[in-house]
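The values are calculated or read from the model by the stated rules, or taken from the named source; none is laboratory data. Bear in mind that the values here come from a model prediction, so they are computed numbers and not experimental data. So basically every Cβ, Gly included, is an ideal-geometry build from the backbone, and we count neighbours across all protein chains shown. The accessibility values were calculated without ligands, DNA or RNA, using every heavy atom of the protein model including side chains. Shrake-Rupley method; radii C 1.70, N 1.55, O 1.52, S 1.80 Å.
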Amino acid sequence: MNGADTAFVLVSAFLVMLMTPGLAFFYGGMVRVKSALNMLIMSFISLGIMGVLWVLYGYSLAFGPDTGGVIGNLDFVGLKGIGPESLTEEGGIPVFAFVVFQMMFAILTPALMSGALADRVKFGSWALFIALWGTVVYFPVAHWVWADGGWLAELDVIDFAGGTAVHINAGVGALAAALVVGKRIGYPKEPMRPHNLPLVVLGAALLWFGWFGFNAGSELAVDGTTANMALNTQLATGAAVLGWLVYERLRHGACTTLGAASGAIAGLVAITPSGADVNAMGALAIGVVAGLVCSWAVSLKYKLGYDDSLDVVGVHLVGGVIGTLMVGFLAVDGVGGAGQFGKQAIGAFSVMAFSFAVSWLLAKLIQVTIGFRADEDDETAGVDRAFHAETAYDFSAVGGSSRSRTGSGIDQDAAQTAKDKKVDA
Amino acid sequence: MKLITAVVKPHRLDEVKEALRAFGVQGLTVTESSGYGRQRGHTEVYRGAEYTVDLVPKARIEVLVEDEVAEQLTEIVVEAARTGKIGDGKVWVVPVEAAVRVRTGDRGPDAL
């Protein structure tokens, strides 16, 4: 066993874990106050659901012995046959370290989609959606891209840390789900300003920090590639912040805080697939392009008429495509060129097509069975109150607090409303 | 009695408060409020989406005074709130029929 590698992979796993709550803050600050908690928990719940599914069968489907290049088999269901002594290879790291590292990816990826569905979906339906999506979209695609025998891995598509499997996949899944669920009431006429930009910046900072684990940790070892990836992650992200702000300043007249935070995420996304295979100048180019193009791409939803509320498409899908395609040309050591670019395009577009189709079907299935969209009244009053029986902030001295109740602790009116709802259902 | 209501720029609140205290006014009520006058609002940009924010934050000060000093205090409030720039706000005065101090039940000027 390699102690240094193991330590780094474990620490990277912990860093990636932090990205999911970071994402919750990033998204949570961007929504209106009446759905801030719902936005937080849509990410947070993934730490529960996807973590459990990963151990039950997710790891096996993604990294179990290959079946036809498209999915793993069930050999490792419940982590059967894997113990503390199991190593990834002779002198490698414990399989458990790899399992927990990749578990964090499986947790983060579905959570990324929540931003497209802000303010308007039933919480239970969301929970079901990510469980199903993880099972039939993420686990197979992770296998395609990263597992021995996965068809995109065999094709030598470069996706070091998840441009296709994570960001294109989640970006296009978010688009499909947003199309099924429809626009928020009042969109785009009513102003829907972020309620807490400092929270957004805090979230972006946590994501940026955690992303070093995501990117550099994906080497699964400590070597020159790990260092190159860490350097390029920082460089491309900084460049993307600049790119976004320059576009914004020229186009809209101001350098915004939200723009800086968004640019950082766009850069992180774009360098994710590419950072290990380019040099610093390549990373710089990828970062600048991601910042400029994503800051333009977030306005597409107004032109095309869909409500991707927090720009999962504009940042994750577009950023993922930029990184995945640009590395085709910019890869060093004679790899980059038209041939590699073609492979990258196959990787990007096959994931896009598969994920869009299956995500749309899943969202539709939930919509026609248990309903995906919240009731109009719940959406208008705020999904925090409707699904979580909480409000995010209590600033008011008047009428801000409620009477305390013995027993259930739930306000009787609310309990009665909940009962009525059950009757309705 | 008269009720003086002043809607002013929030950062002038302290000036107004100090001026009133210097004159001997015992108490007042302040509410955070918002509104617009001739200066209208401003524009904010979030990821390229431009929003016109019509309502500008203001401090609304209410103070009950005796009839004889109402005119003088109005002038004091106006002077303290003024910056000379657009958006300084408004001050108005209305007659008050009755006032009661809740703790003692005192009425009229004794309640102030």
*Given springs between every Cα pair under 10 Å in a Gaussian network model of chain A, which of A:Gly287, A:Gly371, A:Gly319 has the largest fluctuation?*
A:Gly371
_Per-residue mean of C-beta atoms belonging to partner chains within 10 Å, peptide A:257-268_ = 1
*Measuring from centroid to centroid over Cα atoms, what is the spacing of the range A:187-211 and the range B:62-112 in Å?*
43 Å
*asked:* Which of A:Leu132, A:Leu220, A:Leu250 ends up with the largest GNM mean-square fluctuation for chain A, with Cα atoms connected below 10 Å?
replied: A:Leu250
*Tell me, in nm to one decimal, what length is gained between A:Asp75 and A:Ala280 on full extension, where the rule is 0.36 nm per residue of separation less the Cα-Cα distance?*
69.7 nm
*Which whole-number value in Å² is the accessible area per residue of the range A:243-301, probe 1.4 Å?*
31 Å²
*asked:* Can you compute the helix-only [θ] at 222 nm over chain A? Use -39500 (n - 2.57) per DSSP H run of at least 4 residues, normalise by all residues, nearest 500 deg cm²/dmol.
replied: -19500 deg cm²/dmol
*asked:* Can you tell me, using C-alpha contacts under 8 Å and at least 6 residues apart, the relative contact order of chain A as a whole percent?
replied: 22 percent
*Rounded if a/c is under 1.5, else prolate if a/b is larger than b/c, else oblate: which is the range A:242-395, with a ≥ b ≥ c the root eigenvalues of its Cα gyration tensor?*
oblate
*Find me the longest stretch of chain B that has none of the exposed trypsin sites (Lys or Arg not before Pro), where exposed means in a DSSP loop (not H, G, I, E or B) with at most 13 other Cβ atoms within 10 Å.*
B:41-84
*Could you look at chain A and say what percent of its accessible area is carbon and sulfur, using a 1.4 Å probe and all protein chains?*
65 percent
*According to a simple spin-label model (label point 7 Å from Cα along Cα-to-Cβ), what is the distance in nm between A:Thr380 and A:Tyr393?*
2.4 nm
*the range A:1-76 and the range A:232-302: distance between their alpha carbon centers, rounded to Å*: 24 Å
*Pop out the ³J(HN,Hα) list for the range B:52-57 in order, Karplus 6.51 cos²θ - 1.76 cosθ + 1.60 with θ = phi - 60°, rounded to Hz; leave Gly and Pro as x.*
8, 9, 6, 8, 9, x
*Of all accessible heavy-atom area on chain B, the percent that carbon and sulfur account for (1.4 Å)*: 49 percent
*Convert each backbone phi in the range A:223-238 into a coupling constant with the Karplus relation 6.51 cos²θ - 1.76 cosθ + 1.60 (shift: θ = phi - 60°), then list the ³J(HN,Hα) values in order as whole Hz, x for Gly and Pro.*
7, x, 4, 4, 5, 4, 5, 4, 4, 5, 4, 5, 5, 5, 5, x
*asked:* If I stretch the segment between B:Glu79 and B:Val30 completely, what's the gain in nm (0.36 nm per residue apart, minus their alpha carbon distance), one decimal?
replied: 15.8 nm
*Which residue, chosen from A:Ala131, A:Gly69, A:Met229, occupies the Cα position most advanced towards the positive end of the dipole of chain A, where the dipole is computed from +1 (Lys, Arg) and -1 (Asp, Glu) charges on Cβ about the Cα centre?*
A:Ala131
*Return the average number of partner chain Cβ atoms within 10 angstrom of each residue Cβ along peptide B:38-48.*
6
_Connecting C-alpha atoms closer than 10 Å in a GNM of chain A, tell me which of A:Ser274, A:Ser125, A:Ser262 has the biggest fluctuation._
A:Ser125
*asked:* Net charge around A:Ala374, counting only other residues with Cβ within less than 9 Å of its Cβ (Lys, Arg = +1; Asp, Glu = -1)?
replied: -3
*Under a plain spin-label model, where a point goes 7 Å from the Cα along Cα-to-Cβ, how far apart in nm are B:Val94 and A:Tyr302?*
4.0 nm
*Could you state the angle between the C-alpha long axis of helix A:36-53 and the longest principal axis of the C-alpha atoms of chain A, as a value from 0 to 90 degrees rounded to the nearest 10?*
50 degrees
_Restricting the range A:168-238 to trypsin sites (Lys or Arg not before Pro) in coil, as DSSP defines it, with at most 13 other Cβ within 10 Å_ = A:Lys189
_Skipping prolines and chain starts, which residues have an amide H placed within reach, meaning under 5 Å, of the one on B:Val56, given they are 5 or more residues away or on another chain?_
B:Gly35, B:Tyr36
*How many Cβ atoms of partner chains, on average, are near each residue of A:279-287 if near means within 10 Å of its Cβ?*
0
*Can you give the percent of C-alpha pairs in the range B:1-100 whose distance is more than 17 Å?*
54 percent
*Tilt of helix A:257-274 relative to the longest C-alpha principal axis of chain A, in degrees (0 to 90, nearest 10)?*
40 degrees
_When a/c reaches 1.5 or more, the comparison of a/b and b/c decides; with that in mind, is the range A:89-198 rounded, prolate or oblate per its Cα gyration tensor?_
prolate
*Near the amide H of A:Thr88, under 5 Å away, which other amide H atoms are found, from residues 5 or more places off or on another chain, if H is placed in the peptide plane?*
A:Ile93, A:Val95
*Taking chain B as the reference, fit the longest principal axis to its C-alpha atoms, fit the long axis of helix B:13-23 to the helix C-alpha atoms, and give the angle between the two in degrees, 0 to 90, nearest 10.*
20 degrees
*To the nearest 20 debye, what charge dipole does chain B have about its Cα centre, counting +1 at the Cβ of each Lys and Arg and -1 at the Cβ of each Asp and Glu?*
400 debye
_Whole-Hz ³J(HN,Hα) from phi, Karplus 6.51 cos²θ - 1.76 cosθ + 1.60, for the range A:166-179, glycine and proline x_ = 9, 7, 5, 4, 5, x, 6, x, 5, 4, 4, 5, 5, 5
*asked:* With every protein chain kept in place and ligands, DNA and RNA left out, what is the accessible area per residue of the range A:29-82? Probe 1.4 Å, answer in Å².
replied: 38 Å²
*Net charge contributed by nearby residues that have their C-beta within less than 10 Å of A:Thr226 (K/R +1, D/E -1)*: -3
*Express the relative contact order of chain B as a whole percentage, based on alpha carbon pairs under 8 Å and six or more residues apart in sequence.*
42 percent
_As a test of the definition: with a 1.4 Å probe, what buried accessible area, both sides summed, do you compute for B against A, in Å² to the nearest 100?_
1100 Å²
